[in-house]
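Okay, so here's the structure we're looking at.
The values are calculated or read from the model by the stated rules, or taken from the named source; none is laboratory data. What you are looking at is a predicted structure, and each value in this text was computed from that prediction instead of being measured. Using ideal geometry, Cβ is built from the backbone for each residue, glycine included, and neighbour counts are taken over all protein chains shown. Side chains are part of the model used for accessible areas, which takes the heavy atoms of the whole protein and leaves out ligands, DNA and RNA. Shrake-Rupley method; radii C 1.70, N 1.55, O 1.52, S 1.80 Å.
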Amino acid sequence: MAAHLVVTLPENQLYQALTLQEPLDPRSWTVVRRLPSEHSLSDLREAVSFFNDTSSSLGTSLRNIYISVRQDGDGRHFFVSLSSAAELLRDGASVGDRLAEVPEADMKALRERSDLTLWYAQADAPAPIAPPVPAAKKPYEDPALSDDVLCPRRSIWATNYSLIPDLSLGATQRLILCDENTLCRSMPEERIFEHLALIVNCHESKAAKNRYRYRIGACSTDKPPEVIYEAVHQWFSLGKEGMNQANDAIQEGIWRHLQHGTVAVHCLAGIHRAACIVACHFLWRYYILGHSEMPCDPKEIYRRLQAVRPAVQPAYPHVL
């Protein structure tokens with residue numbers, strides 16, 4: 001039986017989580033209040049309360065809120081509209097009615113025209129490919145460069161980026177695996193991002209560069225980080241040689257920028273496409289740089305990634 005999908009709601013005043021038992025049927029959705037108690041959205045009064053709280057807490061219309069409910073084999077997301085869910089529940093739709101899915105490409109086009117809020121539902125009990133191996137922490141002697149100072153994670157919004165200790169070179173030379181939203185917020189207390197030298201965007205091509213993207217740390221200074229754009233899910237069209245060239249360019253860029261700063265690798269949710277590129281960096285360091293201490297078995301690599309970011313799942317085996 002497939003695990004239910006859960007969306008955490010850090011900004012809502014009354015509700016802390018939304019569970020999607022059947023993602024396309026909002027009548028099966030349930031919500032958990034801040035004072036823990038679960039309620040079904042098939043109860044119209046509860047549904048009205050939830051949607052009003054969401055719109056008020058986020059300061060936006062339900063028309064601007066979408067939930068990612070699944071990904072295809074290439075890691076591309078499919079979304080449903082929270083406004084459509086509210087309308088279906090309000091209108092008392094028939095048993096067979098379902099929400100329409102919005103493909104990732106269409107969602108990106110919508111986001112170019114409107115300021116959208118995107119939620120990412122995750123399985124409430126993901127099955128790891130193997131028991132995770134605890135990641136070794138590297139000590140940094142200077143207290144000013146400790147994780148408590150550079151990566152305090154004091155805000156709920158600062159919980160969705162993951163440091164990869166095996167691939168980091170120093171206190172301010174970290175490799176970070178994260179979602180896109182983390183990089184699009186201003187979080188001055190997360191000082192590690194002041195040292196950001198490179199961002200690798202794994203879900204958009206160069207042609208899709210846009211204006212509103214990154215705000216965190218060095219991104220809002222007069223010396224913003226370099227950005228590499230590579231839509232990993234489109235690499236099948238490049239052929240083996242083209243794919244390897246594109247991947248090598250990313251890996252070389254990561255290594256070069258790690259010599260003097262921090263590198264953030266992201267896709268939309270930071271669990272498939274970006275994780276694949278980070279996994280490739282283990283292999284690149286092992287085979288190209290001769291770093292024999294790096295694991296070269298994909299299963300072991302993903303175990304280490306899951307140890308610091310449990311939602312990561314293996315994807316794109318042809319890239320590895």
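Quick notes on this one:
- Across the range 109-132, the qualifying residues are those that are at pLDDT below 80 and under 20 Å from Asn160 (Cα atoms), and the one among them that is nearest to the chain's Cα centre (by Cα) is Ala123.
- Leading residue by the ranking (least open to solvent (accessible area, probe 1.4 Å)) among those in the range 1-24 that are of a type in the set (S, T, N, Q) and assigned to a loop (DSSP other than H, G, I, E, B): Asn12
- Qualifying positions in the range 265-315 - part of a helix (DSSP H, G or I) and farther than 22 Å from Ala246 by Cα: Lys299, Glu300, Arg303, Arg304, Leu305, Gln306, Ala307, Val308
- Residues that are free of Cβ contacts under 8 Å to residues at least 24 places away in the same chain and closer than 18 Å to Ser84 by Cα were ranked within the range 30-44; the one that is most open to solvent (accessible area, probe 1.4 Å) is Asp43.
- Neighbours by Cβ (under 6 Å, 6+ apart or cross-chain): first from the range 287-302, closer than 11 Å to Asp166 by Cβ; second open to solvent by 40 Å² or more (accessible area, probe 1.4 Å): Met294/Tyr286
- Within the option set Gly270, Gly261, Gly170, being touching a Leu at 6+ places or on another chain (Cβ under 6 Å) and not hydroxyl-bearing (Ser, Thr, Tyr) holds for one residue only, Gly270.
- Remark: pairs (first residue in the range 171-195, closer than 19 Å to Leu268 by Cα and basic (Lys, Arg); second residue open to solvent by less than 10 Å² (accessible area, probe 1.4 Å) and outside any loop (DSSP other than H, G, I, E, B); Cβ separation under 9 Å; 6+ apart in sequence or on different chains) = Arg185/Ala158.
- Picking from residues in the range 30-56 that are more than 27 Å from the chain's Cα centre (by Cα) and part of a loop (DSSP other than H, G, I, E, B), the one that is farthest from Arg90 (Cα to Cα) is Leu35.
- When each of Arg111, Arg90, Arg63, Arg27 is tested for being of a type outside the set (A, V, I, L, M), assigned to a helix (DSSP H, G or I) and loosely packed, with under 13 Cβ neighbours inside 10 Å, the lone residue that passes is Arg90.
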